[in-house]
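Structure in structure tokens, see below.
The values are calculated or read from the model by the stated rules, or taken from the named source; none is laboratory data. Treat the numbers as computed from the prediction; the structure is a model and nothing was measured. Methodologically, a virtual Cβ is constructed for each residue, glycine included, from the backbone with ideal geometry; neighbour enumeration extends over all protein chains shown.
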Amino acid sequence: MSLRKRPSEGGEGPGRVRGEVTRRRIKTTARRLFATRGLDAVSIREIVRAAGQKNAGSVNYYFRSKDDLVKELILDVAKLLDDDHNRKLDELEAGGGPHSIRDIVSILITYPTMDGDHRKKDEYALRFLNMIMINHRDLMFGALEGGLDRGTRRCMAHLRHFARDLPAVLIQQRLMLIITYLFATASSLEASLDRPRSPRSLWGHPAALSNLIDTVEGILLQPASEETLHLLDKGPE
């Protein structure tokens, strides 16, 4: 019995090249559909049709299942972010940093899916990952068991140091809020690139990203209110 290899599993020549092109096309299409409509609302058949494939089994052929396709999409974006975060942290720490919260937040909001003037490099990547974080956190954590969130964890450790005067429970809550907030704002920025930028738009203003960093500093350093401290003393129910 002969076993047919998938294009990603070996072989050379035109067939392999065509296979890789098809895989990328399916992934790009799936990422866009998932990012804008969610996982549950998009079928394999729709992905195949939107990717211009005639064979209804293309997704299963290249990725084995819809779940495997989703996992690979998560890993693609997560690796891109993790490599970028770790590289920038290495440079910052080599220079004796970080010296401020802004140093760290500047890393977290500089997404390698975009270049300096906000033109697209990887459309829908951040919206896709944000959708996964909100609606399918189990898939996110399962895919990241290989450690592709190391850069984010390093950033969080530095932020924890700057907020060390707060109770540990509140620090942890605020770090989780910051990650959720930054992914939501990044998705908003990415989505704004699909529309003509007007002078009055949020992300078209030169102060927008700096102001975003200001708000993250506020989230982390705002003293806890008496009400919050009272509820903290009560503990979980």
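Suppose we keep only residues that are aliphatic (A, V, I, L, M) and modelled with pLDDT of 90 or more within the range 180-207. Which one would you say is surrounded by the most Cβ atoms within 10 Å (Cβ to Cβ)?
Leu182
Same structure again: Of the conditions (1) surrounded by 18 or more Cβ atoms within 10 Å (Cβ to Cβ); (2) within 28 Å of Thr110 (Cα to Cα), Glu93 clears all except one; give me its number.
Going through the list (1) surrounded by 18 or more Cβ atoms within 10 Å (Cβ to Cβ); (2) within 28 Å of Thr110 (Cα to Cα), Glu93 breaks only (1).
Being at pLDDT 90 or above and either among the aliphatic types (A, V, I, L, M) or surrounded by fewer than 16 Cβ atoms within 10 Å (Cβ to Cβ) (or both): is that true of Val105 here?
Yes, satisfied.
With the condition kept exactly as written, say whether any residue in the range 92-110 is of a type in the set (Lys, Arg), under 22 Å from Phe183 (Cα atoms) and more than 19 Å from the chain's Cα centre (by Cα).
yes
Of everything in the range 135-164, what is more than 22 Å from Asp76 (Cα to Cα) and either modelled with pLDDT under 90 or assigned to a helix (DSSP H, G or I) (or both)? Give them in sequence order.
Ala157, His158, Leu159, Arg160, His161, Phe162, Arg164, listed by residue number.
Among the helices (runs of 4 or more DSSP H) lying completely within the range 36-119, list those that include at least 1 residues that are assigned by TED's automatic domain parsing to the domain that holds Asp138 and among the β-branched types (Val, Ile, Thr).
Per the criteria, 66-94, 101-109.
Which residues, counting only those in the range 75-87, are under 25 Å from Trp203 (Cβ atoms) and touching a residue at least 60 places away in the same chain (Cβ under 8 Å)?
Selection gives Ala78, Leu81, Asp82, Asp83, Asp84, His85.
Can you go through Leu170, Leu229 and tell me which one is modelled with pLDDT of 90 or more and loosely packed, with under 14 Cβ neighbours inside 10 Å?
Result of the check over Leu170, Leu229: Leu229.
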